[in-house]
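Since every read-out is calculated from the coordinates, none of them should be taken as a lab result. What you see is a predicted model; the values in this text were computed from it and never measured. Using ideal geometry, Cβ is built from the backbone for each residue, glycine included, and neighbour counts are taken over all protein chains shown.
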Amino acid sequence: MEGIIALLIPFGAFAVAGFAIWTGHQRKMIKMRGAFPTTHDDDAERMREELKYLKERVAVLEQITTDGHSSKQLENEIEKLRDR
């Protein structure tokens, strides 16, 4: 039993030192994430714009398909969309 305690004392010292290093690293990572938020913000903004564009396009397509257009009018509407 005394042999196990003798082994645990140095192990505890290493564990405390490792924990201190790990927490220091975590603090640095949190600071870095706070210092460079633009990469995530740029991606999120780009995705919002793309989603907005796709929603508008789907709305136009829904309107075209539900309206009572003739085939020629439908072709003209589709060509207008392609020209955008």
Exercise for review: Note the angle between two axes, namely the Cα long axis of helix 2-35 and the longest principal axis of the Cα atoms of the chain, as a number of degrees from 0 to 90, rounded to the nearest 10.
Suggested key: 30
Point to revise | Matching label, Rg and Dmax of the Cα atoms in Å computed from the structure shown, candidates [x] 30.8, 94; [y] 12.1, 42; [z] 21.6, 61 | key: [x]
Point to revise | Förster radius 41 Å - calculated FRET efficiency between residue 53 and residue 32 (Cβ-Cβ, nearest 0.05) | key: 0.80
Review point. What's the angle, to the nearest 10 degrees (0 to 90), between helix 71-83's Cα axis and the longest principal axis of the chain?
Key: 40
Study note, to complete from the structure: Taking a straight Cα-to-Cα line shorter than 29 Å from residue 28, and setting aside same-chain lysines fewer than 8 residues away, one finds none
Review point. Angle, helix 38-66 long axis vs. longest principal axis of the chain, Cα atoms, 0 to 90°, nearest 10?
Key: 30
**Study point:** Residue among 72, 52, 31 with the largest mean-square fluctuation in a Gaussian network model of the chain, springs linking Cα atoms under 10 Å
**Key:** 72
**Study point:** Candidate aspartates and glutamates - alpha carbon under 19 Å from residue 52, same-chain residues fewer than 8 apart omitted
**Key:** 41, 42, 43, 62, 83
